1. Quick check on segment 18-52: of everything there that is surrounded by 10 or more Cβ atoms within 10 Å (Cβ to Cβ) and among the aliphatic types (A, V, I, L, M), which residue is modelled with the lowest pLDDT?
2. I need the full set of residues from segment 1-17 which are hydrophobic (A, V, I, L, M, F, W, C) and at pLDDT 95 or above, in order please.
3. Of the residues in segment 1-17, how many are surrounded by 10 or more Cβ atoms within 10 Å (Cβ to Cβ) and hydroxyl-bearing (Ser, Thr, Tyr)?
4. What's the number of the condition Ser55 fails, among (1) at pLDDT below 80; (2) open to solvent by 100 Å² or more (accessible area, probe 1.4 Å); (3) polar (S, T, N, Q)?
Amino acid sequence: MNILYFLVGCSVLMALIFLAAFFWASKTGQHDDVYTPGMRILFDDETKSDDNHISNQPTS
C-alpha cells in the first residue's frame, strides 16, 4: 500500500514538471509561429545549391 502513495506522489510531481515546461514554452514564444519553421526547411537546399554552383565555376 505504501508503494501506491509513492507512485501517486511521483505522478503528481511529473505532472507539475510538464505543466511548468508548457508554461515556460508558452511564455518564451515557442508556439507563436508554427508556419515559418516548416517553410524554412524548404528554402535551405536552394541556398546551398547556389553556393556550390558559384564555387564550381572555373576561374580564368
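The values are calculated or read from the model by the stated rules, or taken from the named source; none is laboratory data. What you see is a predicted model; the values in this text were computed from it and never measured. Because the Cβ atoms are built from the backbone with ideal geometry, glycine has one as well, and the counts that use them run over all protein chains shown. Surface accessibility is based on the protein's heavy atoms, side chains included, excluding ligands, DNA and RNA. Shrake-Rupley method; radii C 1.70, N 1.55, O 1.52, S 1.80 Å.
1. The extreme case among them is Ala25.
2. Ile3, Leu4, Phe6, Leu7, Val8, Cys10, Val12, Leu13, Met14, Ala15, Leu16, Ile17
3. Here the count works out to 1.
4. It fails just one condition, (2).
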